[in-house]
Structures are given as C-alpha cells and as structure tokens.
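Trainee: One structure follows; several queries about it will come next.
The values are calculated or read from the model by the stated rules, or taken from the named source; none is laboratory data. Owing to the predicted nature of the structure, the values given are computational and were not obtained by experimental measurement. For neighbour counting, all protein chains shown are included, and Cβ atoms are generated from backbone atoms with ideal geometry for every residue, glycine included.
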Amino acid sequence: MNQVLEKTDKNVNKLNIKEIVVAVDLSPHSEKTAAYAAKFAKTCGAAMTLVHAFAPEPITEFTTQEVHETYREEEREAKRALGRLANRVREAYGECGYEFRIGDPAEEVTLVAKDLDADLIVTASHHPHFLSRLFGLDQAPRILHKARCPVLVYHEEKELAEA
C-alpha cells in the first residue's frame, strides 16, 4: 500500500501544480471539499486559495432599509465564515489564502483562478440531479465551462450513492 501512495505522490508532483483555487459556498460539503483540496495541495506542495462569491444585493425600487441591512449582515457573516474556514485549513495545511467576491460564483471563481494563474480549480457538486443542473443550482458545470485550467469536481461517496 505504501508503494502505491509513494507512486501516486510522485505522479502528482509531475503535474507541476503550484496554485490551486477552491470554490466554496460555506456549506458543510464545501468544508469537506476544502479539506480534500488541502490534502491535494499538500501532496503537490501547492499554494491554495479559497474563493467565495456572494450574490449581489438585489436592489429594486421596493428595497427597504431593513432589507439592505439584512443583506449587509449576511455579507459580513459570509466574510467571517470564509475567514474561519481558511483558518481551519491553515491549521491542517499551513498555506491557505482566501478571496471574498460579490457576483456570480462561476464567474468570480474563474476570474480569481485567472488572476492567480491557477493550475487547478477544485469545486464541489452539490446537486447531482438533472433538474438541479437544468436550473443552474450546481455551479460545478458552469465553472468547468468558464475555466482556463483543469477543474477537479469533488463528490462525497454518500452523495454519489443517493444520486
């Protein structure tokens, strides 16, 4: 078994992956995705950046101050949650940056990957069902189509069994 792991480590290092961008939506599943990506980054000796994209504030003529303040509080909480996740990853891995963006998740993740000249994007697939993909609830296919680098889609075994 150790020979297989050593051989795998050598093959991963040959990929020359130096920068990994990890798309997170701050759900428990994306935390597992970040942990998986950290192990992968550690094997490669790569830097890792978590990216969370927060939806833009829906402003209409009917937007009240209360709605605006609720949105701002949700944004602040998402920033704090991203920072906490990055800290947990740093404890296990040591090197983990993070970017908080406002906008379309697939667009923002691929922009960060381009800006960082990332060698790999790691993302999760939350909605394995056809209708979820049809209505755009799963960002993984959208990231896949927009990315200029390879994309690794993380699935939990439990999710695959339910699909």
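Trainee: I need the full set of residues from the stretch 129-151 which are farther than 11 Å from A106 by Cβ, modelled with pLDDT of 55 or more and surrounded by fewer than 16 Cβ atoms within 10 Å (Cβ to Cβ), in order please.
Mentor: Listed by number, the residues that qualify are L137, R148, P150.
Trainee: Restricting attention to the stretch 33-72, which residues are among the basic types (K, R) and under 21 Å from R101 (Cα atoms)?
Mentor: Matches in the stretch 33-72: R72 only.
Trainee: Still on this model: Which of the residues spanning the stretch 76-116 are acidic (D, E), part of a helix (DSSP H, G or I) and modelled with pLDDT of 95 or more?
Mentor: If the condition is that a residue be acidic (D, E), part of a helix (DSSP H, G or I) and modelled with pLDDT of 95 or more, then E77, E107, E108, D115 are the ones that fit.
Trainee: Would you mind finding the one in T33, T70, T49 that is closer than 23 Å to L111 by Cβ, in a helix (DSSP H, G or I) and of a type in the set (V, I, T)?
Mentor: The unique qualifying residue is T33.
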